[in-house]
Amino acid sequence: MKIAFVGKGGSGKTTLSSLFIRHLAANEAPVVAVDADINQHLGAALGLSEAEAAALPAMGAHLPLIKEYLRGSNPRIESVDSMIKTTPPGEGSRLLRVREDNPVYEACARPVPLDDGDVRLMATGPFTESDLGVSCYHSKVGAVELCLNHLVDGVDEYVVVDMTAGSDSFASGLFTRFDMTFLVAEPTRKGVSVYRQYKEYARDFGVALKVVGNKVQGRDDLDFLREEVGEDLLVTVGHSDWVRAMEKGRPPRFDLLEAENRMSLQALQDAADDSYAHRDWERYTRQMVHFHLRNAESWANAKTGADLTAQVDPGFVLSEELGAVQPA
């Protein structure tokens, strides 16, 4: 399952996404974790030192390699230079699987050891001072979108993406690439404002959205969230001494996380697992093509000097079966 964590800045989405990743690892599930936030903190939340987190390879820096690998022998893609973040796979394209080894993971992913096993961690790379005034952060997450467009994941496999704060992800089609989106909301007016934006934007695309109430301290907080988000409220998380120790860089063993918070994490996994039954690969592929055509016509044709609408393979539908056999 492909899972996104979103929410306003300071809501705790990175902390919760890291806890969820640890929970999946404790359940012996294969996990690819992706830090797609403008502020890169997922590595530290998973226990990396500052030096180790800073040494993570930036996916954007390896974009030519990613494009070359995914392009494969697809005859509709004339060159790597004509591939953009929304270029969809077609006959001859190489696909990614969660459990495999491939040149993309070799270049961009690093194993992160947790108490109960390793997870693969990938990062877009930070938005640096040199980017100010000349670059858009969404160009950095383009590598994530391209990889997700070519990813075939199965049951009991997980890709967890810590998204950039607020509703910025709607600047691309990335928000439609997930089986389940968990929106982390504090019990405040500002906390639920991003939920309202996300709910409105996502409605037309069938995005599965559940709210995780964070920093909930009592009945009044719980009642507020229920009133504001209704049945979209999946679970709440309160104070955690374990998290406080983790934020100080001294996390206890994960099995010492408070029982009520472990139960909340299990509820997240259950919701993600339930989403598998509602997968629609045809809709997924159709949305991929929709955003590619929009990008091609609005800017990419002019930038590349090619008709990128021709990259769409009309007979191609992404599916798990296609991931079983890779082109040479």
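About its Cα centre, the chain has a charge dipole of approximately 620 debye under the convention of +1 per Lys or Arg Cβ and -1 per Asp or Glu Cβ, with nothing else charged. When the Cα gyration tensor is reduced to axis lengths a ≥ b ≥ c, the ratio a/c is 1.5 or higher for the range 249-309, and with a/b not above b/c it is classed as oblate. Ranked by the mean number of other Cβ atoms within 10 Å per residue, highest first, peptides 306-312, 286-292, 155-161 order as 155-161, 286-292, 306-312.
Loop only per DSSP, at most 11 neighbouring Cβ atoms within 10 Å: give me the trypsin sites (Lys or Arg not before Pro) in the range 92-126, ordered by residue number. Filter output for the range 92-126: Arg99.
Classify the range 1-83 as rounded, prolate or oblate from the Cα gyration tensor: take a ≥ b ≥ c as the square roots of its eigenvalues, call it rounded if a/c is under 1.5, otherwise prolate when a/b beats b/c and oblate if not. Cα axes put the range 1-83 in the prolate bin. Report summary: the helix-based calculation at 222 nm, which adds -39500 (n - 2.57) for every DSSP H run with n ≥ 4 and divides by the residues of the chain, gives -10000 deg cm²/dmol. Backbone amide hydrogens, once placed in the peptide plane, bring Leu121 within less than 5 Å of Ala33, Arg110, Val112, excluding anything fewer than 5 places away on its chain. Taking GluC sites (Glu not before Pro) across the range 241-328, the ones in a DSSP loop with at most 16 further Cβ atoms lying within 10 angstrom of their Cβ are Glu258, Glu320.
Both radii were evaluated on the Cα set of the range 35-88; the Rg over Rh quotient, with Rh as the Kirkwood radius, amounts to 1.14.
What the Cβ-Cβ distance of Thr188 and Glu78 gives, at R0 = 56 Å and to the nearest 0.05, is a FRET efficiency of 0.65.
Ranked by the mean number of other Cβ atoms within 10 Å of their residues, highest first, the peptides 53-61, 5-13 come out as 5-13, 53-61. Amide H contacts for Val6 (H built 1.01 Å from N in the peptide plane; partners 5 or more residues away or on another chain; cut-off under 5 Å): Phe182, Leu183, Val184. Amide H to amide H distances under 5 Å link His150 with no residue, where only residues 5 or more positions off or on other chains count and H is placed in the peptide plane.
Relative to the longest principal Cα axis of the chain, at what angle does helix 219-229 sit, 0 to 90 degrees, rounded to 10? Approximately 30 degrees, to the nearest 10. Each peptide in 37-43, 110-116 gets a packing score, the mean of other Cβ atoms within 10 Å over its residues, and the list from highest to lowest is 37-43, 110-116.
Based on every Cα atom in the chain, Rg and the maximum pairwise Cα distance Dmax equal 19.3, 59 Å.
Of interest is the spacing of the C-alpha centroids, which for the range 248-323 and the range 1-50 amounts to 16 Å.
Along the axis of the charge dipole computed for the chain (Cβ charges of +1 for Lys and Arg, -1 for Asp and Glu, origin at the Cα centre), the listed residues Pro251, Pro89, Ala302 are led at the positive end by Ala302.
Every number here is computed from the coordinates shown, using simple stated rules; none is lab data. Just so it is clear, the model here is predicted, and its values are computed rather than measured. Backbone-built Cβ (ideal geometry, glycine too); neighbour counts: all protein chains shown.
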